[in-house]
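What follows is a short report on a single structure.
The values are calculated or read from the model by the stated rules, or taken from the named source; none is laboratory data. In this text, all values refer to a predicted model and were calculated from it rather than measured experimentally. Ideal geometry is used to build each Cβ from the backbone, glycine not excepted, and the neighbour counts take in all protein chains shown.
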Amino acid sequence: MSQNEIRYSKEHEWVKSTEQGLFLVGVTEFAQEQMGDVVYVEMDDVGTSCNQFTKVGEIESVKAVSDLYTPIGGEIVEVNEELINNPELVNNDPLNGGWMLKIKVSDIQEINNLMTEEEYKNYIQQL
Amino acid sequence: MGKRTTLYNNYLHKAKIVDFHGWDLPIQFSGIINEVNSVRSNVGIFDVSHMGRMNCKGESVKEFLNYVLTGDLLNLEINQASYMFLSNEHCGIIDDLVAYKIDENEIMIVCNASNKEQVLAVLKSYRNLNSNFENIIIDDFTDASGMIAVQGPMSQEIMCKLFNIDELNIRRFRFTQIPCEGEDVLISRTGYTGENGFEIIASTKLSSKFWDKLIYLGAIPCGLGSRDVLRIEAGLSLHGNDISSEINPKEAQLERFVTNSEETLYKQAWDNIQNTPTKKMLIGFIIKGRGIPRINNSIFLNGESIGYVTSGTFSPTLNLSIGLGYVTKKLDPDSNIEVEIREKKFDATVTKLPFLRR
């Protein structure tokens, strides 16, 4: 997987590589549209280890709460603190400013369990 | 496919549509927060055509309705509307509704969409029980009409523009009928948002025209999502959540809408209720911290479970989370309670309703 390439999970999270071994995680445009206006984002603490597809946080919109599942396993090394005061970034800029976690990946092969951009586009069209 | 209101095609491609008690209705247009802010600061419009509308006509219509409704219809004036309940014999709230006195022999009822069939069935069963009322006509005209709520501080201005009039002087809970394209359009100063606002009832054809013109004039289309947030901020109950046929008006803190002192179906039950302490009562509360209360979350006082949440939301206007619920202990405003949201207890403060004063 090359720098800035993006992969998607069935739960509508994305992951993309930044520096060596570090990956950003967030939710997709499709997910933010389904959730509606996000008002709180609660994420697990920095230092927490997580397995692929396990719950690492909660995203609360005006009408409902959704769990955030990490599309890749590893250690949380940073959370996006901007989201505490500006949760609307998740709606307005889900793929960039609305990123949620930075993860130090333990097994890069897990990327192969995720969808490419094209596969994900096909996936959401069938929903 | 669910039932669709006459305005469905006006907004089909501009809204996210959901099923609401068998109706396909917009949950949101531009986003719940934007819609709430628009109603609080400007003007928003809601398709409320799904709500039940029926005319009750006949010489003894006031006496008939007085038997089952909690409002005082004998003293209601022509062109006055009043919020009240359809009560069962135990004083349980079958539905909450607004009765409009059209003239001495005609009263219009607007009730919840989800309860319309039951309201009709209850009214008809009482009509058939008493020969004095056998000539009363109950005409459900919901599908032959549309209803639009125009809500917000700029509602008066936009209504004047819509009807091309200089002023619209209607007091709260009064209504008027304005001739428009060969029909009488009913305009009431009512709503479910806590803001100044109006509701328009017209033919299906005119309603569709009004919707488009209101948007052209600058009104923001709003969905069920923002409607729910606005009514919670205003401390207004929703039937099915905060009130039901298992809840009486005293428990719901709505005694003031039982004003009928005549001989009624529920009189004995109501006298008993008034003379005994209630087992549970509705409260409003504000959550401290970043949690949003949801239906059926438990409420605690000093570690003891004392109740449950019936409505909850994030309030964009107050920028905090608020809720309504029932508790078995009498709590003063500012009492500290806890609300358990997804296995985590949040501190909360009992708050006098409404959350938002206008």
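In table form, for the structure just shown:
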{"item": "Leading residue by the ranking (nearest to the other protein chains (Cβ to nearest Cβ)) among those in region A:77-114 that are within 11 Å of the chain's Cα centre (by Cα) and under 17 Å from A:Ser61 (Cα atoms)", "result": "A:Val90"}
{"item": "Some residue of region B:269-288 being surrounded by fewer than 19 Cβ atoms within 10 Å (Cβ to Cβ), more than 14 Å from chain A (Cβ to nearest Cβ), basic (Lys, Arg) and part of a helix (DSSP H, G or I)", "result": "no"}
{"item": "Answer from B:Asn319, B:Asn302 - the residue that is within 14 Å of another protein chain (Cβ to nearest Cβ) and at positive phi", "result": "B:Asn319"}
{"item": "Region B:11-23, subset among the hydrophobic types (A, V, I, L, M, F, W, C) and away from chain A (no Cβ under 14 Å), residue surrounded by the fewest Cβ atoms within 10 Å (Cβ to Cβ)", "result": "B:Leu12"}
{"item": "Residue within region A:24-44 that is within 14 Å of chain B (Cβ to nearest Cβ) and polar (S, T, N, Q) present", "result": "yes"}
{"item": "Lone qualifier among B:Leu318, B:Leu331 - being part of a loop (DSSP other than H, G, I, E, B), surrounded by 17 or more Cβ atoms within 10 Å (Cβ to Cβ) and among the hydrophobic types (A, V, I, L, M, F, W, C)", "result": "B:Leu331"}
{"item": "Residue identified as within 17 Å of B:Cys111 (Cβ to Cβ) and either touching a His at 6+ places or on another chain (Cβ under 7 Å) or acidic (Asp, Glu) (or both) among B:Asp212, B:Asp140", "result": "B:Asp140"}
{"item": "Test for A:Val77: is it surrounded by fewer than 19 Cβ atoms within 10 Å (Cβ to Cβ), β-branched (Val, Ile, Thr), in contact with a strand residue (DSSP E or B) (Cβ under 7 Å, 6 or more places away or on another chain) and not in a loop (DSSP other than H, G, I, E, B)", "result": "yes"}
{"item": "Members of region B:191-220 found to be in a helix (DSSP H, G or I), polar (S, T, N, Q) and surrounded by fewer than 20 Cβ atoms within 10 Å (Cβ to Cβ), listed by number", "result": "B:Thr204"}
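Results for (1) within 27 Å of the chain's Cα centre (by Cα); (2) under 20 Å from A:Ile84 (Cα atoms); (3) at pLDDT below 95, shown as yes or no for each residue.
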site	(1), (2), (3)
B:Arg294	yes, no, no
B:Val309	yes, no, no
B:Phe314	yes, yes, no
B:Ser321	yes, yes, no
B:Thr328	yes, no, no
B:Thr351	yes, no, no
B:Arg357	yes, no, yes
